[in-house]
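The numbers here are math on the coordinates, done by the rules we state, and not lab data. Bear in mind that the values here come from a model prediction, so they are computed numbers and not experimental data. Reconstructed Cβ throughout: ideal geometry from the backbone, glycine too, with neighbour counts over all protein chains shown.
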């Protein structure tokens, strides 16, 4: 293939993943191009979260390759991939129970920078993450991930529990990140209406990729 | 007796032990929070480092300072890092169950004790170097203050405060606390959880070594006494709920001082011996109390190990039908029947095998079948042996004695099990270990319980062949019982409970009742094994039912394959055979090595055999 890998933040090629004795992914190809928002669309159990886990290094494929910026990272541990700029926010339990908000943010950078993006966090800095509501916890997790300025941001159902105004801001932030040349990959049950027409959509069904194309094509077809 | 000055003197005398216990608690808490592993191997590390320091200072003539630097700042932390790399890292990477981690700890403990015994011998040594010379200063009021106790107290406080400051104000501290809360999430945030765990093990080994070096001059140094002493200080960490440093320090000091004050009380009368036992084993009492008090809300990483899930990953049914199981049973039966064809001396050597197999079978039932990590099966066997001795001394027929003992122990299992079985994971393991320590200290080792006991086989079992055949019959009944429990309705309830407790509740399984039933049956089986063990040796030997021995038996079952009855029988052969064929203690070293390697051998030897057979 002559397609330049430099244009891809990360890629899965023919990846098969097994949890216990059950195959979760049956040879899946996923591409995360720089400068675009990507979507993993599918029902529960279709393998969306497993794709994210494989990209982030939590799940190891027994077949296939994972590359980040053209480099083979199939055997690389999760924390090393985080250092390469692949940052995942899981759908649930995404904060540390014993850390304060400020300490959580400081894992990825100066907490004040996150406060500039999400001013409502400032009042919560001294609180423990478990004392927050579900939506606030999600906000802390997203703010920490954005603070790391990842080259590939992986979000598992990021809008769950967030206030509508925050959701709108998050969407703008994500499209802005894409415009700035970074890659973003989100999961969703169905393609959301706000998805830009050039977003790359992967439709998964029972651990297989059944459709790949742009959001605009999916809407027309 | 009412002299307050004397009370102060005793309190000051207790500070030395109290500071060491507090230090041990701090080390266990930090190691647990950074690695998720309760360091049951601490006693082994302590005794190893203490012996090494004595070797350097007394035998090689090094100055104490240099010896201490090498032992405590190089060897001990190095050992900790090695443990993370070779033993616990692999377990963590494949998210091993809590039972496997316990077994790996036991393996390390047994290996280190075995190494000490092999290198330096088992004779107790009195010429142990002290880090700080035991000088005394006279305080105003005439009280004597030991300089070494003050130095130890200061060290503990400095270490605790330093740890707190590091956790609060440094980047490493925040990262370490992130790992402690959720290691997976911490990895996603770019934290190297393996490196944090290595730091935790290095610190845990350092404190273990320091505790060993501090305690060694207070007792005679021998390979078995010191580790148990150190393991009893688990009480401190358990009281601190494996989380709070201030509580660990306070409880450690309080226990040390309290123990010292109790010597001063020293009442006479009938309660005297019991109170003396409490005084000399105050840490065992504290361990029992601390483990039995409900744990309440535990957050973060701790939750996964302490309350989450249960026993061990199961092997499941072998693929390709029951052919493999039939082969295994045939091998077992052949191995068990062969000694009947041997001459008397040959039978005598394997007389303990069926008895031991019954005890191991009880572990298979309780841990393999029910998913309950019980470290106390050995002490149920001890109770059985004791009951057999008491009944046999009263000339009760042996068959009746066996039946009475087994029923009595099953009842005792139900009774003891009641406050225990709703615990899960590591807490259950701790409670049962505490029970084992308590029974050993307050029953098996006390003259008031075991003095003047004689165990005689009845006339028709006097011959070794006859007795061995009788043992086989009891073992057969036990094996049928286990097979029966694991089949049918109860068996399905057990599997459901083991795999997903909440799901079992939801599916209408009466979880507490099933657990209690399994626990009681396990106690009865182990008790039967204990009766046979006592009869085979025609004596009650408390050292056989030592808590560490119980740990070794548990580890042997897991190494063999925790839900494999065949594995349990073969493991009994291996334990007895290895010691008989080489030197006593060899079986412990082999089991220890295999158990420490649990990370590389999922499912134990039985799992390995099945994987090989499956291709």
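How large is the convex hull of the C-alpha atoms of the protein assembly as shown per residue, in Å³?
In the protein assembly as shown, the Cα convex hull volume per residue is 192 Å³.
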What base-10 log of the normalised intensity I(q)/I(0) is obtained for region B:329-368 from the Debye formula, alpha carbons as equal point scatterers, at q = 0.31 Å⁻¹?
-> -1.02
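Suppose only helical runs count, i.e. DSSP H with n ≥ 4. What mean residue ellipticity at 222 nm does that imply for chain A under -39500 (n - 2.57) per run, divided by all residues and rounded to the nearest 500 deg cm²/dmol? Intermediate values should be presented prior to the final figure.
Values: 7 runs with 64 residues, N = 221.
Computed ellipticity for chain A at 222 nm equals -8000 deg cm²/dmol.
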Taking 0.36 nm per residue of separation and subtracting the Cα-Cα distance, what length does fully extending residue B:85 through residue B:274 add?
-> 63.5 nm
Where the centroid of each part is defined by its Cα atoms, how far is region B:103-178 from region B:346-397 in Å?
-> 37 Å
Just grab the label-to-label distance for residue B:500 and residue A:18, each label 7 Å out from Cα along the Cβ direction, in nm (one decimal).
-> 2.2 nm
Calculated P(r) tail over 17 Å for region B:432-519, as whole % of Cα pairs | 70 percent
Projected area, mean over directions - region A:8-220, Cα convex hull, nm² | 11.2 nm²
Kindly provide log₁₀ I(q)/I(0) values, in the same order as q = 0.06, 0.12 Å⁻¹, from the Debye equation applied to equal alpha-carbon scatterers of chain B.
-> -0.32, -1.26
Counting only other chains, what is the mean number of Cβ atoms within 10 angstrom of the Cβ of each residue in peptide B:177-186?
-> 6
Taking the alpha-carbon centroid of each part, what is the distance from region B:17-79 to region A:27-101 in angstrom?
-> 41 Å
Hey, in the GNM for chain A with a 10 angstrom Cα cutoff, which one of A:107, A:58, A:186 fluctuates hardest?
-> A:107
Hey, can you rank A:146-152, B:556-562, A:113-119, B:61-67 by average C-beta count inside 10 Å, highest first?
-> B:556-562, A:146-152, A:113-119, B:61-67
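Residues of A:69-78, mean number of Cβ from any other protein chain within 10 Å of their own Cβ, rounded to a whole number?
Partner-chain Cβ atoms within 10 Å, mean over residues of A:69-78: 2.
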Note the angle between two axes, namely the Cα long axis of helix B:547-560 and the longest principal axis of the Cα atoms of chain B, as a number of degrees from 0 to 90, rounded to the nearest 10.
-> 60 degrees
Here the FRET efficiency for residue B:151 versus residue A:92, based on Cβ atoms and R0 = 41 Å and rounded to 0.05, is 0.25
Between residue B:539 and residue B:139, what length in nm is gained on full extension when 0.36 nm per residue of separation is reduced by their alpha carbon distance?
-> 138.7 nm
Can you pull the mean other chain C-beta count within 10 Å for peptide B:129-140?
-> 0
The distance between the Cα centres of region B:505-581 and region A:157-221, in whole Å, is 57 Å
How far, in degrees from 0 to 90, does helix B:171-181 lean away from the longest principal axis of the Cα atoms of chain B, to the nearest 10?
-> 30 degrees
Treat each spin label as a single point 7 Å out from the Cα along the C-beta direction, and report the residue A:167 to residue B:451 distance in nm.
-> 7.9 nm
Angle between the Cα long axis of helix B:323-337 and the longest principal axis of chain B, 0 to 90 degrees, nearest 10?
-> 90 degrees
For chain B the mean separation of alpha carbon contacts under 8 Å (6+ apart) over residue count, i.e. relative contact order in percent, is 22 percent
Using only alpha carbons, build the gyration tensor for region B:359-464 and give me the equivalent ellipsoid semi-axes, biggest first, whole Å.
-> 28, 16, 11
A student applying the Cα gyration tensor rule (rounded when a/c is under 1.5; otherwise prolate if a/b is larger than b/c, oblate if not) would label region B:108-213 oblate
Only helical DSSP H runs with n ≥ 4 go in: add -39500 (n - 2.57) per run for chain B, normalise by residue count and round the 222 nm mean residue ellipticity to 500 deg cm²/dmol.
-> -22000 deg cm²/dmol
